Amino acid sequence: MSETSETTVVAGSMVKPLLETRNLQAGYQGRAVVQGANITVYPGEVVCLLGPNGAGKTTTLLTIAGELAPVDGLVMLSNVPTFTPMYQRVRDSGVAMVTEERLVFTKMSTRDNLRIGGGSVEDALELFPELQSRLTVRGGMLSGGEQQMLALARALSRKPKLLLADELSLGLAPLIVDRLLGAVRTAADQQGTGALIVEQHARKALRYADRMYLMARGQILLELPAAEAITRLDEIEEAYLRGTAETEEDHIERKRRKDKRKQWRRQRVRERELTRLTGNLVSTRKAEEDDNYFELERVRRDRAMRARRGKR
């Protein structure tokens with residue numbers, strides 16, 4: 001595949017990119033954290049956006065989706081500059097978005113979650129037969145892996161032109177991650193869907209991708225075919241990611257802490273309401289003390305792990 005700034009030649013025909021960003025600057029409240037990002041995705045292509053935490057990957061994805069307005073530069077969909085909000089891009093431009101939060105309607109059944117996306121339930125089940133036996137189960141009762149399958153199946157069953165996926169593998173077992181990335185690859189090969197996926201686990205993601213972009217400190221530093229990136233991954237990690245990329249254990253731990261903090265915030269809201277209603281002080285623990293609790297729990301788990309190893 002030979003690329004130009006606007007088109008690529010495939011089997012003698014000119015194919016325009018589904019997505020192209022031109023000198024994109026993205027950020028919050030008018031302050032750019034991503035500088036001059038130039039990204040293209042073609043039909044039937046899976047592209048990975050890799051980089052350490054804080055590199056600006058999610059900010060870039062949210063700007064492409066229309067959730068954030070660009071600070072500067074252009075987002076082009078099917079070669080047309082696009083300034084519409086996210087819901088219009090989803091409705092009119094064939095864009096599908098899967099976030100790391102696994103946006104599932106917890107009180108609705110799996111079947112209704114699939115229906116509300118506007119796609120075909122049958123197509124969704126063809127992608128993930130595991131959901132067949134869970135169709136009558138509420139979304140909130142599904143496991144983390146099933147919820148992510150549901151979110152991805154809902155997006156792909158609409159047969160989108162462009163899929164944007166943020167951290168599909170967050171906190172999930174490797175087998176589930178392979179199923180999710182395999183479904184993205186299948187949609188690209190069979191439906192011509194272009195996909196831009198943000199991932200922490202470079203080695204696993206590159207097995208299913210065609211190309212990769214490496215982002216660090218808000219800039220695209222490297223673009224490579226996936227096959228070449230795999231052979232140079234040690235070099236890439238040494239030069240750009242050493243000391244910042246997460247291991248799988250770090251990845252799972254970060255998700256666990258995030259979920260725990262959400263749970264504690266909800267608990268504090270209830271405690272403040274009880275204090276207001278009863279006049280009795282229910283709890284004095286503050287959010288600033290959370291890290292201390294996490295550290296005590298880590299020490300306890302490390303001791304338990306050493307004790308188990310000593311018994312073997």
Next item on the list: Quote the relative contact order of the stretch 2-241 in percent (integer), defining contacts as alpha-carbon pairs under 8 Å separated by 6+ residues.
Entry: 25
Next item on the list: Return a whole-number percent for the relative contact order of the stretch 59-128, with Cα pairs under 8 Å and 6 or more residues apart as the contact set.
Entry: 19
Next item on the list: On a 0 to 90° scale, report how tilted helix 248-278 is relative to the longest principal axis of the chain, with both axes built from alpha carbons and the result rounded to the nearest 10.
Entry: 50
Checklist line | With at most 16 other Cβ atoms within 10 Å, longest stretch of the chain clear of loop chymotrypsin sites (Phe, Trp or Tyr not before Pro) (DSSP) | finding: 106-312
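When Lys and Arg each count +1 and Asp and Glu each count -1, what net charge do the other residues less than 10 Å away from Thr99, Cβ to Cβ, add up to? Provide the component values of the computation, followed by the final result.
Working: positive: Arg102; negative: Glu67, Glu100, Glu101, Asp166, Glu167.
Once positives and negatives cancel, what remains is -4.
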Checklist line | Correct option for Rg/Rh (Cα atoms, Kirkwood Rh) [calculated from the coordinates] among (1) 1.13; (2) 1.06; (3) 1.01 | finding: (3)
Next item on the list: Using just the helices of the chain, give the 222 nm mean residue ellipticity in deg cm²/dmol: DSSP H runs with n ≥ 4 each add -39,500 (n - 2.57), and the total is spread over all residues, rounded to 500.
Entry: -13000 deg cm²/dmol
Note to self: To test your reading of the geometry: what angle, between 0 and 90 degrees and rounded to tens, separates the Cα axis of helix 144-156 from the longest principal axis of the chain?
What the structure shows: 30
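Bear in mind that the values in this text are calculations on the coordinates, not laboratory data. These numbers come from a predicted model, not from an experiment. When we count neighbours, we look across all protein chains shown, and the Cβ atoms used for this are built from the backbone with ideal geometry, even at glycine.
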